[in-house]
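K.L.:
Before I ask anything, let me first share the structure, which is written out below as C-alpha cells.
The values are calculated or read from the model by the stated rules, or taken from the named source; none is laboratory data. As the structure is a prediction and not an experimental result, all values here were calculated from the model. All Cβ positions, even for glycine, are placed from backbone atoms using ideal geometry, and neighbour counts span all protein chains on display.
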Amino acid sequence: MIRTWGKWGVAVVGALGLFLALGTSAFAQEAADQAAEVAVAADTMWLLVAAFLVFFMQAGFAFLEAGSTRSKNVVNIMMKNMMDFSMAAIAFWAIGWGIAYGTSAGGFIGTDAFFLGYDPTEAGGAPILASWLFQVVFAGTAATIVSGAMAERTKFSSYLIFSAVISIIIYPVVVHWVWSGAGWLNHYSGSTDGNWGFTDFAGSTVVHSVGGWAALMGAIILGPRIGRFSGDGKSQPIPGHNLALAGLGVFILWLGWYGFNPGSQLALSTQGDANAVALVAVNTTLAAAAGALGAMFTTWFKNGKPDMTMTMNGVIGGLVAITAPCAYVTPLASVIIGLVAGPLIVFSAAWMESLKIDDPVGAVPAHLVNGVWGTLAVGLFATIEGNTGTLGLFAGGGATLLIAQIVGVVSIGLWTVVTSGVLFYAIKVTLGLRVSAEEEELGLDIGEHGAVAYPDFLTPPEAGAPPVATGGVSRAPAK
C-alpha cells in the first residue's frame, strides 16, 4: 500500500512539475509577445507624434515668411505654405514614396510601392503607413523651403507645379540614394562596402540642402523683386511687415525640430533608443541656441547693433546644421557647429546680395549653406559610429567619412540644381514663372487671390479697381 501511494505521489509530483514547467513556458512566451506588441505600439506612437510636430513646422514656415515680407502678399504666402504640403502629400503617396523606398534599380531609384495601400496583416514593427506619414512631412518641408526665396513675385499656379514635381521625383530620388537602405550613397549595412557611407541622420542635405538648392535656382531664374536693387546695383532692403509674426514662426520651427531630429531615431522602445533620442534632443537645443548667439554677435560687431532678423535666421541655421550630425556628435561639438552656423548666415546673406540674388527670407543661407556645413561637420566631429562604422576626422577616423560627405553634398547638389533649374526654366518659357510688374506692385494677394490679409487697412478692390486704404495708425507699407 505504501509503495502504491509512493508511486501515485511520484506521478502527481511529476505531473505537477510538468504542468508548472509548461505553464511557465507558456506564460513567458505570452509575456514576450505582449512586450513585443508594446514595443511596436511605442515605436508607432513615437513616429506619429514626431510626424505631427514636423507637420506643425508648416505653420512656422508660413509665419516666418509672412512676417518677413510685405502685408500685400500675406494671403499668397499662407496659401503657398498650405498648398505645397497638400500637393506634396498626394504626390508623395502616389509616386514619391515608391521612388524613395521601392525596390531599388541599381541604387538610384525605387521601382514599386506606388499608390501606397493598407495591409491589415502587417506585423513585426511599426506600420509602413506610420513611416509614410513621418516621411511625407519631410517631403513637405523640402518643398516649402523654396517658397520663401521666391516670395512676392511668383505665379501661384507655377509654384504648385513645382511643389508637385519636387515631391514626385527630385526629393524622393535623393531619399533613395541615402535612406532607402539600398542607395548608392548608403546601404545601411554597417560598413562602407559597396557604398560611399554618406551619413545624414535627419536631413541637413537630404531635406534642407535639396530645398536650398532648388530655392537658389528659383531665385536666380525668377530674378529679384522690383526695387530690391537700384539701377546701379546697390542693395535696397525691403523690410518685412511684422517681425512679431516672423519671431513666432521661428519659435514654432524650433519646437517642430524636436520631431524632425529626435523623431529620426524612428523608435523609442529600448534603452538604446532612449539614450539616442536624449542626445539628439540636447544637441538640437544647443546648436540652435549657439546659432542664435553666433548670428547676433556677428551683426552686433559688424553693424553696431544686434539684428533680430539675422538672429532668427541664426536659430534656423543652427537647427539645419545640426540635423545631419545630431546623433553622432557630443554636446560640445553641437555648440561649435551652431556657433559656426550663425556667422555663416550673416556672411552668406551678404554674399548673395553682392550677386544680386534676392531671397526675401534668407532661405538659401539658412537651408543650403548650413545644410552643407552640417553635413560636412559629420565628417569632422562624429565621435559615435553611425550605420557605416566610420568616425570623423577629429575623432581619429581619418578622412574616409569626410570624403563620403563631400561626395554626397556634391552629387545631391548637382542633381537638384539640374532638375530644379530645368523645371523652373521650362515653367518660365511656357506657363510663365513670374507675375506681371503691375500685379507685383499691387500685391499678390489681390492679383492672385482677390483678397487681402488686413481688410481693416486695405479694402479688397471691386473688379478692375485699385485697393483702397481705410485708415489706421500702423498700416504696413503697401510695397
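K.L.:
I'd like to know if the stretch 314-337 contains one or more residues that are of a type outside the set (Gly, Ala, Ser), surrounded by fewer than 24 Cβ atoms within 10 Å (Cβ to Cβ), touching a Gly at 6+ places or on another chain (Cβ under 8 Å) and modelled with pLDDT of 95 or more.
P.N.:
no
K.L.:
So is Val175 under 20 Å from Asn387 (Cβ atoms) and in contact with a Gly (Cβ under 9 Å, 6 or more places away or on another chain) or not?
P.N.:
yes
K.L.:
Still on this structure: Which residues, counting only those in the stretch 43-70, are farther than 17 Å from Gly140 by Cα and either buried (at least 23 other Cβ atoms within 10 Å of the Cβ) or in contact with a helix residue (DSSP H, G or I) (Cβ under 6 Å, 6 or more places away or on another chain) (or both)?
P.N.:
If the condition is that a residue be farther than 17 Å from Gly140 by Cα and either buried (at least 23 other Cβ atoms within 10 Å of the Cβ) or in contact with a helix residue (DSSP H, G or I) (Cβ under 6 Å, 6 or more places away or on another chain) (or both), then Thr44, Trp46, Ala66, Gly67, Ser68, Thr69, Arg70 are the ones that fit.
K.L.:
For the stretch 190-226, name all the residues that are in a loop (DSSP other than H, G, I, E, B), modelled with pLDDT of 95 or more, over 12 Å from the mean Cα position of the chain (by Cα) and small (Gly, Ala, Ser).
P.N.:
Gly223
K.L.:
Output yes when any residue across the stretch 80-92 is among the charged types (D, E, K, R) and either touching a strand residue (DSSP E or B) at 6+ places or on another chain (Cβ under 6 Å) or crowded, with 18+ Cβ neighbours inside 10 Å (or both), and no when none is.
P.N.:
For the stretch 80-92, residues among the charged types (D, E, K, R) and either touching a strand residue (DSSP E or B) at 6+ places or on another chain (Cβ under 6 Å) or crowded, with 18+ Cβ neighbours inside 10 Å (or both): present.
K.L.:
For the stretch 315-343, what are the residues that are within 16 Å of the chain's Cα centre (by Cα) and either under 27 Å from Ala244 (Cβ atoms) or not in a loop (DSSP other than H, G, I, E, B) (or both)?
P.N.:
Val315, Ile316, Gly317, Gly318, Leu319, Val320, Ala321, Ile322, Thr323
K.L.:
I would also like to ask the following. Just checking, does the stretch 296-305 include any residue being of a type outside the set (S, T, N, Q) and not in a helix (DSSP H, G or I)?
P.N.:
Yes, some residue in the stretch 296-305 is of a type outside the set (S, T, N, Q) and not in a helix (DSSP H, G or I).
K.L.:
Here is a further query. Assess whether Ile238 counts as being more than 22 Å from the chain's Cα centre (by Cα) and among the β-branched types (Val, Ile, Thr).
P.N.:
Spelling it out, Ile238 is indeed more than 22 Å from the chain's Cα centre (by Cα) and among the β-branched types (Val, Ile, Thr).
K.L.:
Would you point out which residue out of Gly183, Gly203 is at positive phi, surrounded by 23 or more Cβ atoms within 10 Å (Cβ to Cβ) and not acidic (Asp, Glu)?
P.N.:
Just one listed residue meets the conditions, Gly203.
K.L.:
Which of the residues that make up the stretch 255-275 are crowded, with 21+ Cβ neighbours inside 10 Å and in a helix (DSSP H, G or I)?
P.N.:
Of everything in the stretch 255-275, those that are crowded, with 21+ Cβ neighbours inside 10 Å and in a helix (DSSP H, G or I) turn out to be Gly256, Trp257, Gly259, Phe260, Pro262, Gly263, Ser264, Gln265.
K.L.:
Would the stretch 181-189 turn up any residue that is touching a residue at least 40 places away in the same chain (Cβ under 8 Å), among the aliphatic types (A, V, I, L, M) and part of a loop (DSSP other than H, G, I, E, B)?
P.N.:
Yes, the stretch 181-189 contains a residue that is touching a residue at least 40 places away in the same chain (Cβ under 8 Å), among the aliphatic types (A, V, I, L, M) and part of a loop (DSSP other than H, G, I, E, B).
K.L.:
For the stretch 105-162, give me each residue that is polar (S, T, N, Q), closer than 30 Å to Val320 by Cβ and not in a helix (DSSP H, G or I).
P.N.:
Thr154
K.L.:
Which members of the stretch 425-454 meet the condition of being touching a residue at least 60 places away in the same chain (Cβ under 8 Å), surrounded by 13 or more Cβ atoms within 10 Å (Cβ to Cβ) and in a helix (DSSP H, G or I)?
P.N.:
Tyr425, Ile427, Lys428, Glu440, Glu441, Leu442, Leu444, Asp445, Ile446, Glu448, His449
K.L.:
If you check every pair at least six apart or on different chains, which have Cβ atoms under 9 Å apart with a residue in the stretch 231-244 that is in contact (Cβ under 8 Å) with a residue 12 or more places away in the chain and surrounded by 10 or more Cβ atoms within 10 Å (Cβ to Cβ) first and a residue that is part of a loop (DSSP other than H, G, I, E, B) and β-branched (Val, Ile, Thr) second?
P.N.:
From the stretch 231-244, the pairs are Ile238/Thr69; Gly240/Thr69; Gly240/Val361; His241/Thr69.
K.L.:
Next question, about the same structure. Kindly establish whether Asp193 is without any contact (Cβ under 8 Å) to a residue 40 or more places away in the chain, in contact with a Ser or Thr (Cβ under 7 Å, 6 or more places away or on another chain) and acidic (Asp, Glu).
P.N.:
no
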